[in-house]
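The structure under discussion appears below in the form of structure tokens.
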Amino acid sequence: MRLPLGKIPIDLLKEVVFKNLGVKREEVFLGPAAGFDGAVIDIGDKSLIVSMDPITGAIERIGWLAVNINANDVATFGVEPAFFFSCILLPEGANSKTVETVCVQMNKAAKNLGIAIVGGHCEVTRGLVNPIVIGCTMGVTEKGNYVTAGGAKPRDKLILTKSVGIEGTAILASDREKQLKKVLSASALENARKFFNQISVVKEAITAMNTGGVNAMHDPTEGGVAGGIHEIADASNFGVKIFGEKIRIQPETIKICEFFQIDPLQLIASGSLLIAVNPNFADKVVKALEKNEIVAVVIGEFLSSPEKRFIIFEDGGLEDLVRPTSDHLWRALEKPN
């Protein structure tokens, strides 16, 4: 079976990847599982939260993104990220300036989030066209003092912060600027590139966690908000009802998606945060986020039946929530530049 670009299909994860995990160790409280952002390793009275992600579809800000994307995964546990490892793979012909650019970007991002860069690897790799940066972030908390993507409960409200397709909008505005000048003004393109400044969800994740009532969090990355909703529903083994009119899509994202004929709900969405919260706390969490100048809206609620996952529109119409097979960023990038 030829695989699509991006994350491999969930069936392959379950049938191959998750069946080849080495030995079982008692310290591993949460290992690899569909829909979860990272692992939990218990050491004494502490829990170590660990996550890893590559940056492959972006060229600009690749080092900055590597730190922020990995930090986001740890933050979705309600834990502040603390340590970062990187593996930098460079194409043939890369020079020392490339290394400096990536490292300076990582340093800036890490300092902004209070993270120490503690190790890694850097090499020139045969066959690469663009650089790849693989990151690993760790956070430490009191044992059991965290949430996971699998903690949602029926009747929990689902909150979405900011908007959909944030990272994809920024990447396409940066890497496909020449094409997009046909449909976007210079100022609109500049605004779209500035979406990179919204990538971090550390602040909102910690704010929500400290407010209370949070049962699960997940940051939608590859597969967009649609994929992220399925992932948190998969991890929790429940269904979900989404209110279509509540989903916020910024004008720049709409224009870019229309130009490339892609779905904003299936466009890589780092920068958004999905929060499953006890219905009695939903308003408190939204208000706490807004107080911190973070847009947050209740976009749905969880259902007891895992099979029921749909979007309901203002006119009463229903539509199954699409499960992405590949992120629509790849569709856009495959089009001739």
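Tell me, which longest segment in the chain has none of the trypsin sites (Lys or Arg not before Pro) that fall in DSSP loops with at most 10 further Cβ atoms within 10 Å? Don't jump to the answer; show the numbers that get you there.
On the way: sites that count: Arg2, Lys24, Arg25, Arg126, Lys182.
The longest such stretch corresponds to 183-337.
By the gyration tensor of its Cα atoms, with a ≥ b ≥ c the square roots of the eigenvalues, what is the shape of segment 115-238: rounded for a/c under 1.5, prolate for a/b over b/c, or oblate? Mind dumping the intermediate values first?
Numbers: a/c = 2.08, a/b = 1.37, b/c = 1.52.
Oblate shape, in that a/c is at least 1.5 and b/c is the bigger or equal ratio.
Among Glu80, Glu92, Glu60, which one moves the most in a GNM of the chain with springs linking Cα atoms closer than 10 Å? So, out of Glu80, Glu92, Glu60, the one fluctuating most is Glu92.
Secondary structure note: in the chain, about 75% of the DSSP beta bridges are antiparallel. Charged neighbours of Lys143, selected by a Cβ distance under 14 Å, balance to -4 (K, R count +1; D, E count -1). For the chain, modelled as a GNM whose springs connect Cα atoms under 10 angstrom apart, the maximal fluctuation among Phe281, Phe84, Phe313 occurs at Phe313.
With all pairs of different C-alpha atoms in the average, the Kirkwood value for the hydrodynamic radius of segment 10-142 is 15.8 Å. Local charge for Met52 was computed over the other residues whose Cβ lies under 12 Å away, with Lys and Arg +1 and Asp and Glu -1, and equals -3.
Considering every Cα-Cα pair within segment 77-138, what fraction, in whole percent, is farther apart than 17 Å? Before the final figure, lay out the partial values.
Numbers: 790 of 1891 pairs.
Of all Cα-Cα pairs in segment 77-138, 42 percent lie more than 17 Å apart.
Here each label is just a point 7 Å from Cα along the line to Cβ, and for Leu5 and Gln261 those points are 1.6 nm apart.
This ranking places His218, His121, His230, His328 by how few other beta-carbon atoms lie within 10 Å of each, fewest first, which gives His121, His230, His328, His218. Counting other Cβ atoms within 10 Å as a rough exposure proxy, the listed residues Thr137, Thr148, Thr101 run Thr101, Thr148, Thr137 from fewest neighbours to most. Ordering Ile311, Ala116, Leu3 by the projection of their Cα atoms onto the charge dipole of the chain, which places +1 on the Cβ of Lys and Arg and -1 on the Cβ of Asp and Glu, puts Ala116 at the extreme positive end. Counting every pair of alpha carbons in segment 182-258, the share spaced more than 19 Å apart comes to 54 percent. In a shell of Cβ-Cβ distance under 14 Å around Val240, excluding Val240 itself, what net charge do Lys and Arg (+1) and Asp and Glu (-1) give? Local charge sum for Val240: +1. Cross-link pairs exceeding 24 Å between alpha carbons, from the set Lys162/Lys194; Lys108/Lys203; Lys194/Lys284; Lys108/Lys194: Lys194/Lys284.
Where the alpha-carbon atoms of segment 265-328 are placed on the principal axes, they occupy 35, 27, 24 Å, in descending order. Model label points for Glu92 and Cys122, set 7 angstrom from Cα along the Cα-to-Cβ axis, are 2.2 nm apart.
Only the Cβ atoms of Lys and Arg (+1) and of Asp and Glu (-1) were treated as charged; on that basis the dipole of the chain about its Cα centre amounts to roughly 360 debye. Note on the chain: with a GNM built from Cα contacts shorter than 10 Å, the maximum mean-square fluctuation among Leu21, Leu113, Leu303 falls on Leu21.
Its convex hull of Cα atoms gives the chain a direction-averaged projected area, equal to a quarter of the hull surface, of 18.1 nm².
Excluding same-chain residues fewer than 8 positions from Lys308, which lysines have a Cα within less than 22 Å of its Cα? Reachable lysines: Lys14, Lys153, Lys157, Lys241, Lys246. Ordered by the number of other Cβ atoms lying within 10 Å of each residue's own Cβ, fewest first, Trp64, Trp330 fall into the sequence Trp330, Trp64.
Selection among Leu30, Cys87, Leu128 by position relative to the dipole of segment 10-142 gives Leu128 as farthest towards the positive end (Cβ unit charges, Cα centre). Extents of segment 174-312, largest first, come to 46, 35, 22 Å (Cα atoms, principal axes, whole angstrom).
Read the figures in this text as sums done on the coordinates, not as results from a lab. It should be emphasised that the depicted structure is a prediction, and the values quoted were computed from it without experimental measurement. Glycine also receives a Cβ, built like all others from the backbone with ideal geometry; neighbour counts cover every protein chain displayed.
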